[in-house]
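Novice: Below is the structure I would like to discuss, written out as structure tokens.
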């Protein structure tokens, strides 16, 4: 069965510094996608970055990068140069090739300090 | 280009009542998924609709039902509401041909409070 673990309920980071949000996953399907979403207080889930299980390089999208370690089954999100607007809940999610739905982790609340 | 639109944004219902939540998908999307997000938790998959049929269902009781219309919009119905049904209900749309590599576009959700 699919499972996503995020062990950091809350994180603090100083503005302009980098922060890493941890995510580990479990699946028996060799083909899967890993996603990170940001959820501000408005409730909308905002897509940040995607990593495919067969992708050779770590994904990057602007200030977001994904540190993908397949053997360890980890997909950590790195946010560089944090901004006050980055304060939100962050969710790691997985979707298997044969599945239609996402499995989400419990989330990490990131607070960026001025 | 409008994203996913959900209505209403907030709703208060009494235990035992029935509720209908609505979702209009992003333009060009043909698949709608519903998720329940309890306070302090990650979203949990309820079901997905494609071509007006339920394509996949999560571990939710039959009190949760849905519908998809020919214009791809969707409704989520919950009967015999329980206090534990209080949550943020998120609708997400996608393109069926997009495959598992593509993410969803989420709406801002409907916050349901059962009293």
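The values are calculated or read from the model by the stated rules, or taken from the named source; none is laboratory data. Here the structure is a predicted model, which is why all the values come from computation and not from measurement. Cβ coordinates were reconstructed from backbone atoms using ideal geometry, including for glycine residues, and neighbour counts include every protein chain displayed.
Novice: Scanning the stretch A:47-64 for residues that are touching a residue at least 12 places away in the same chain (Cβ under 8 Å) and assigned to a strand (DSSP E or B), which turns out farthest from the other protein chains (Cβ to nearest Cβ)?
Specialist: A:64
Novice: Is there a residue being outside any strand (DSSP E or B) and surrounded by 21 or more Cβ atoms within 10 Å (Cβ to Cβ) anywhere in the stretch B:36-46?
Specialist: Within the stretch B:36-46 (the criterion being outside any strand (DSSP E or B) and surrounded by 21 or more Cβ atoms within 10 Å (Cβ to Cβ)), the answer is yes, since at least one residue qualifies.
Novice: Still on this structure: What do you reckon, is residue A:88 farther than 21 Å from residue B:87 by Cα and either facing chain B (nearest Cβ under 8 Å) or modelled with pLDDT of 95 or more (or both)?
Specialist: So residue A:88 fails the test.
Novice: Further, regarding this structure: Name the residue that is surrounded by the fewest Cβ atoms within 10 Å (Cβ to Cβ), counting only residues in the stretch A:97-110 that are more than 7 Å from chain B (Cβ to nearest Cβ) and assigned to a strand (DSSP E or B).
Specialist: A:109
Novice: Give me the residue from the stretch A:65-75 that is assigned to a strand (DSSP E or B) and in contact with a strand residue (DSSP E or B) (Cβ under 7 Å, 6 or more places away or on another chain) and, out of that set, surrounded by the fewest Cβ atoms within 10 Å (Cβ to Cβ).
Specialist: Out of the qualifying residues, it is A:67.
Novice: Follow-up. Any idea how many residues of the stretch B:58-82 are at pLDDT below 95 and in a strand (DSSP E or B)?
Specialist: The total comes to 0.
Novice: Ok, one more. What tally of residues in the stretch A:76-96 results from selecting those that are assigned to a loop (DSSP other than H, G, I, E, B) and either free of Cβ contacts under 8 Å to residues at least 60 places away in the same chain or surrounded by 15 or more Cβ atoms within 10 Å (Cβ to Cβ) (or both)?
Specialist: 2
Novice: Moving on. Within the stretch B:87-112, how many residues are surrounded by fewer than 17 Cβ atoms within 10 Å (Cβ to Cβ) and touching a residue at least 24 places away in the same chain (Cβ under 8 Å)?
Specialist: 2
Novice: Identify all residues within the stretch B:4-29 that are assigned to a loop (DSSP other than H, G, I, E, B), in contact (Cβ under 8 Å) with a residue 60 or more places away in the chain and within 21 Å of residue B:105 (Cα to Cα); write none if there are none.
Specialist: Correct list: B:4, B:8, B:9, B:25, B:26, B:28, B:29.
Novice: Please go through the stretch B:100-115 and pick out each residue that is farther than 23 Å from residue A:33 by Cβ and more than 7 Å from chain A (Cβ to nearest Cβ).
Specialist: Within the stretch B:100-115, B:110, B:111, B:112, B:113, B:114, B:115 meet the criteria.
Novice: To continue, here is another question. Among the listed residues A:41, A:31, A:65, which satisfies the condition of being farther than 20 Å from residue B:94 by Cβ and at pLDDT below 95?
Specialist: On inspection, the qualifying residue turns out to be A:41.
Novice: Please count how many residues of the stretch B:47-56 are at the interface with chain A (Cβ under 10 Å from one of its Cβ atoms), surrounded by fewer than 21 Cβ atoms within 10 Å (Cβ to Cβ) and touching a residue at least 12 places away in the same chain (Cβ under 8 Å).
Specialist: 2
Novice: Could you please find all residues in the stretch A:40-61 being under 29 Å from residue B:9 (Cα atoms) and surrounded by 12 or more Cβ atoms within 10 Å (Cβ to Cβ)?
Specialist: Of everything in the stretch A:40-61, those that are under 29 Å from residue B:9 (Cα atoms) and surrounded by 12 or more Cβ atoms within 10 Å (Cβ to Cβ) turn out to be A:40, A:43, A:44, A:45, A:46, A:47, A:48, A:49, A:50.
Novice: List the residue pairs whose Cβ atoms are under 7 Å apart, where the first residue sits in the stretch A:1-29 and is free of Cβ contacts under 8 Å to residues at least 24 places away in the same chain, the second is surrounded by 11 or more Cβ atoms within 10 Å (Cβ to Cβ), and the two are 6 or more positions apart or on different chains.
Specialist: Every condition considered, the pairs that remain are A:7/A:22.
Novice: Scan B:39, B:76 and give me the residue that is within 12 Å of another protein chain (Cβ to nearest Cβ) and in contact (Cβ under 8 Å) with a residue 40 or more places away in the chain.
Specialist: None of the others qualify; the one that does is B:39.
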